[in-house]
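Step one of this worksheet: look at the structure below.
The values are calculated or read from the model by the stated rules, or taken from the named source; none is laboratory data. Please read all numbers here as calculations on a predicted model, not as lab measurements. Cβ atoms come from the backbone with ideal geometry, glycine included; neighbour counts cover every protein chain shown. Areas reflect the complete protein model, heavy atoms only, side chains present, ligands, DNA and RNA absent. Shrake-Rupley method; radii C 1.70, N 1.55, O 1.52, S 1.80 Å.
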Amino acid sequence: MKLWGGRFEGGPSEVFERFSGSLDFDKKLLDADCRGSQAFARGLQRAAILTAEECATLVWAFEQIRVDAREPGFFDGASDEDVHTLVIRKLRERVGGVADKIHTGRSRNEQVSLDVRIWVREEIDSVLDLLVRVMDALVAMARKYPAAVVPGYTHVRRAQAVLWPHYLLAYFEMFARDHERFSQARARANVLPLGSGALAGSGFPFDRDAMAKDLGFDSITRNSMDVSADRDFALDFLYAASLTMLHLSRLAEDWILYSSEEFGWLDLGDGVTSGSSLMPQKKNPDSLELIRGKTGRVFGDLTSLFVTMKGLPTTYNRDMQEDKEPLFTGAAQLTASLEMMQVVIESTQLNPCKPAAAAAEGWVVATDLAEALARAGTPFHTAHQLVGKLVLESVKQGKKPADWTAEELVAFAPEFNADMAKLLDPSEGMKSRELPGGTGPGTVARSIQDAEARLRQWKR
């Protein structure tokens with residue numbers, strides 16, 4: 001059964017049927033399609049195109065199709081062109097000729113846009129929940145190790161000491177921005193396209209605002225041609241998904257390194273690691289490596305849809321059928337990766353002595369010393385040079401910061417004073433970094449409280 005065909009003397013070739021069919025992937029939209037059609041049926045009744053009895057019959061039949069579709073084997077043997085054709089066939093099997101009225105004044109262009117918008121909206125709700133769970137796990141880990149000192153890195157070289165919670169909150173902020181991006185993407189998707197027709201608007205007096213309210217949309221679209229041409233909302237989703245995957249991938253990379261024997265900071269849980277078929281000693285970070293690997297797939301999904309849309313003339317073109325597979329696969333990889341990362345964080349243990357030792361033996365205190373000299377009146381450039389010479393001398397002598405006494409420090413350069421020796425302990429220097437956003441203990445404690453407040457708000 002086709003939704004078109006009167007203009008044609010012959011049917012499509014078997015090759016074209018196979019080439020253009022989309023049921024194998026757009027069947028994900030069945031539930032959204034039925035709900036959208038239920039709302040449209042009510043719109044047809046308001047426009048006096050359906051009687052109350054016809055509307056009730058159609059709404060009931062769509063509900064039955066929704067229920068049936070949850071049963072295994074529902075799609076077995078279906079050869080329909082797409083999910084919309086399948087739904088109409090199932091509808092006609094249940095209610096007969098009244099099914100033919102459901103497309104009065106409705107184009108498949110706006111129907112597809114509606115279905116995908118509903119699907120995206122609900123997928124975003126799932127992603128927002130998963131992001132909150134990941135951020136919750138980060139904050140819980142920060143609470144578990146409130147005073148742990150670790151080296152912060154630039155160029156993969158020890159740079160300055162920070163608190164472990166400060167490091168974790170850096171990723172919290174990344175995921176918080178992702179949460180904001182998905183919320184914005186949801187708002188742009190949550191606009192009702194029904195009433196747009198194929199491209200010129202409907203010729204029937206539909207109450208578009210009533211249909212929007214019926215389906216939980218915030219507003220209605222403003223231009224019917226734009227509706228037919230638009231896949232920005234799908235690109236918004238995939239862009240937000242790509243950035244979230246980028247952040248997950250960077251966290252995965254960090255923890256792959258930090259859990260290695262060379263670092264020894266982290267112990268990953270047995271439930272998120274695997275062994276080797278040959279080497280009995282191995283405990284591999286496969287979960288994190290897979291997150292890192294899947295990131296490229298989501299980037300590819302975004303690129304795929306970008307390239308599909310870049311040269312299309314306004315308005316609808318069949319190329320746009322190619323929006324669904326990258327959208328669906330990108331969403332699947334994202335949600336799976338967020339679920340995995342939550343479990344990884346919750347099952348990972350920090351070995352605080354290892355990063356503390358790395359901070360103590362490296363010269364992560366150098367900036368603290370230079371800034372102390374500057375606060376005491378030494379020009380910063382001069383202070384920078386003095387501390388650089390101290391580091392060089394330490395390298396030559398094989399001395400760690402803690403090996404220097406207050407007397408030796410003062411003897412090295414008169415600009416130093418005995419009180420500055422305490423800054424040779426990495427945990428001391430960070431106490432000067434209490435500006436908002438810094439790694440000072442007081443600031444970090446307040447940042448954790450702020451993160452928890454945001455989480456409570458998002459959970460509500």
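So what's the net charge close to LEU369: Lys and Arg +1, Asp and Glu -1, counting the other residues with Cβ under 12 Å from its Cβ? Here the charged neighbours net out to -3.
When you restrict to C-alpha pairs under 8 Å that are six or more residues apart and normalise by the size of the chain, the relative contact order lands at 16 percent.
Exposed loop sites here are chymotrypsin sites (Phe, Trp or Tyr not before Pro) in DSSP loop states with at most 11 other C-beta atoms within 10 Å. What is the longest stretch of the chain lacking them? Intermediate values should be presented prior to the final figure.
Numbers: sites that count: TRP4, PHE8.
It runs 9-460.
Of the GluC sites (Glu not before Pro) found in segment 238-345, those that fall in a DSSP loop while having at most 11 other beta-carbon atoms within 10 Å are GLU261, GLU262. Of all lysines in the structure, the ones whose alpha carbon falls short of 20 Å from that of LYS283, not counting any fewer than 8 places away in one chain, are LYS354. Taking the Kirkwood radius as Rh and the Cα radius of gyration as Rg, segment 147-207 has a ratio of Rg/Rh equal to 1.49. Rounded to the nearest 500 deg cm²/dmol, what is the calculated helix-only ellipticity per residue at 222 nm for the chain, with -39500 (n - 2.57) per DSSP H run of length n ≥ 4? It lands at -20000 deg cm²/dmol.
Remark on ASN284: its backbone amide H falls under 5 Å from those of SER274, GLY275, a criterion applied only to residues 5 or more positions apart or on other chains, H modelled at 1.01 Å from N. When only Cα pairs under 8 Å and 6 or more residues apart are kept, what is the percent relative contact order across segment 325-423? Normalised by residue count, the contact order of segment 325-423 is 24 percent. Pairs of Cα atoms in segment 94-221 fall into 10 Å distance bins, from 0 up to the last occupied one, in shares of 11, 26, 21, 15, 12, 10, 5, 0 percent.
For the chain, the longest principal axis of the C-alpha atoms and the axis of helix 324-347 are separated by about 40°. With the alpha-carbon atoms of the chain aligned to their principal axes, the span from lowest to highest coordinate is 99, 53, 39 Å, starting with the largest.
Among the GluC sites (Glu not before Pro) found in segment 1-99, those both in a DSSP coil and sparsely packed, with 14 or fewer other Cβ atoms within 10 Å of their Cβ, are GLU9.
Across segment 127-134, coupling constants 3J(HN,Hα) worked out from phi with the 6.51/-1.76/1.60 Karplus curve, θ = phi - 60°, read 5, 4, 5, 5, 4, 4, 5, 5 Hz, and Gly and Pro carry x.
Where a ≥ b ≥ c are the square roots of the eigenvalues of the C-alpha gyration tensor, would you call segment 356-444 rounded, which needs a/c under 1.5, or, failing that, prolate if a/b is larger than b/c, or oblate? Could the numbers behind the result be given before it?
Working: a/c = 1.90, a/b = 1.29, b/c = 1.47.
Since a/c reaches 1.5 but b/c is at least a/b, the shape of segment 356-444 is classed as oblate.
Once both labels are positioned 7 Å from their Cα atoms along Cα-to-Cβ, the gap between GLU322 and VAL67 label points is 4.1 nm.
Work the Kirkwood hydrodynamic radius out for segment 310-460: mean of 1/r over every pair of different alpha-carbon atoms, inverted, in Å.
Values: mean 1/r = 0.0493 Å⁻¹.
With all distinct Cα pairs of segment 310-460 included, I get 20.3 Å.
Work through the residues other than LEU266 whose Cβ is under 14 Å from its Cβ and net out their charges, Lys, Arg +1 and Asp, Glu -1.
Details: positive: LYS144, LYS283, LYS354; negative: GLU253, ASP254, GLU261, GLU262, ASP267, ASP270, GLU346.
Charge balance in the 14 Å sphere: -4.
Note on the chain: with charges restricted to the Cβ of Lys and Arg (+1) and Asp and Glu (-1), its dipole about the Cα centre is near 540 debye. Per-residue Karplus couplings for segment 353-360, computed as 6.51 cos²θ - 1.76 cosθ + 1.60 with θ equal to phi - 60°, are listed in order as 5, 5, x, 5, 5, 5, 5, 6 Hz, Gly and Pro entered as x. Solvent-accessible area of the chain (1.4 angstrom probe, protein heavy atoms only): carbon and sulfur portion equals 53 percent. When segment 377-419 is described by a simple charge dipole with +1 on each Lys and Arg Cβ and -1 on each Asp and Glu Cβ, the residue from VAL391, TRP404, PRO414 located farthest towards its positive end is VAL391.
Spin-label pair GLN184-SER347: with each label point 7 Å from Cα along the Cα-Cβ axis, the two points sit 3.5 nm from one another.
Tell me which lysines have Cα within less than 27 Å of LYS459's Cα, excluding those fewer than 8 residues away on the same chain? Partners found: LYS144, LYS213.
Across segment 64-70, computed HN-Hα scalar couplings (Karplus, 6.51 cos²θ - 1.76 cosθ + 1.60, θ = phi - 60°) run 5, 5, 4, 5, 4, 5, 7 Hz from first to last residue, x flagging Gly and Pro. Taking a quarter of the surface of the Cα convex hull of segment 12-113 gives a mean projected area of 6.7 nm².
Based on the Cα atoms of segment 336-407, what semi-axes does the equivalent ellipsoid have, where each is the square root of 5 times one gyration tensor eigenvalue, given in whole Å with the largest first? Write down the numbers at each step before the final one.
Details: eigenvalues 269, 56, 21 Å².
Three semi-axes, in Å: 37, 17, 10.
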